[in-house]
Amino acid sequence: MIKGIGVDIVGIKRFKEIKNNSDFIEQILTQQEISEIPKDEHIEVHLAAIFAFKEALMKAFGCGLNRGSYWHDVVVAQDWIIHLTGFFKKLADEKSISKIHSSSSKTKNYITALVLLEG
């Protein structure tokens, strides 16, 4: 049974401008995600994708940062598999979420992320 769907679209240009902003990156990404950032010219695409997946997940749960959730409670692995900790793990358990499906699509200027919660 589908428990939630979230979609987010992010402008890649925005992340070209902030890819060197370590304060922002450390606020949004976990240490694991930071360690997996590619060391090539496509850093902004990777950052935009992680941000879009985290936003889409929050929308799928029907919540945002103002309801006690935290960016670091969502870990987006290199293969775009989403892992939950803390607030979101607790929320997933409460809602009997058994699987998280994720997908993305990219153009030259935008990246879109889709998250589907199944239970």
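Defining a contact as two alpha carbons under 8 Å apart and six or more residues distant in sequence, what relative contact order in percent does the chain show?
Once normalised by length, the contact order is 39 percent.
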Query raised in the report: What is the calculated FRET efficiency for Thr85 to Met1, with r their C-beta to C-beta distance and R₀ = 25 Å, to the nearest 0.05?
Result: 0.55
Query raised in the report: For Lys108 and Asp23, what is the calculated FRET efficiency with R₀ set at 22 Å and r taken between the beta-carbons, to the nearest 0.05?
Result: 0.20
Query raised in the report: If Lys and Arg each add +1 and Asp and Glu each add -1, what is the summed charge of the other residues whose beta carbon sits under 14 Å from the beta carbon of Ser98?
Result: +1
Query raised in the report: Roughly speaking, what % of Cα-Cα pairs in the stretch 2-118 are separated by over 17 Å, rounded to a whole number?
Result: 52
Query - Ranking of Glu33, Glu17 by count of other Cβ atoms within 10 Å, fewest first - result: Glu17, Glu33
Query - Loop-resident sites, the stretch 16-119, for chymotrypsin sites (Phe, Trp or Tyr not before Pro), counting at most 16 other Cβ within 10 Å (DSSP) - result: Tyr70, Trp80
Report summary line: Once both label points are put 7 Å beyond Cα along the C-beta direction, the Ile43-Lys95 separation in nm becomes 3.3
Report summary line: Going from the fewest other Cβ atoms within 10 Å to the most, one would list Thr107, Thr112 as Thr107, Thr112
Query raised in the report: If you rank Leu29, Leu116, Leu65 by fewest surrounding Cβ atoms within 10 Å, what's the result?
Result: Leu65, Leu116, Leu29
Query - Size of electric dipole in the chain: Cβ of Lys, Arg +1 and of Asp, Glu -1, about Cα centre, debye, nearest 20 - result: 360
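On a 18 Å Cα-Cα criterion, which of the cross-link pairs Lys39/Lys59; Lys13/Lys59; Lys19/Lys59; Lys59/Lys90; Lys16/Lys59 come out too long?
Lys39/Lys59; Lys13/Lys59; Lys19/Lys59; Lys16/Lys59
Read-outs: derived from the displayed coordinates by stated rules, not from any lab. Computed from a predicted structure; not experimentally measured. FYI the Cβ positions are ideal-geometry reconstructions off the backbone, even for glycines, and counts take in every protein chain you see.
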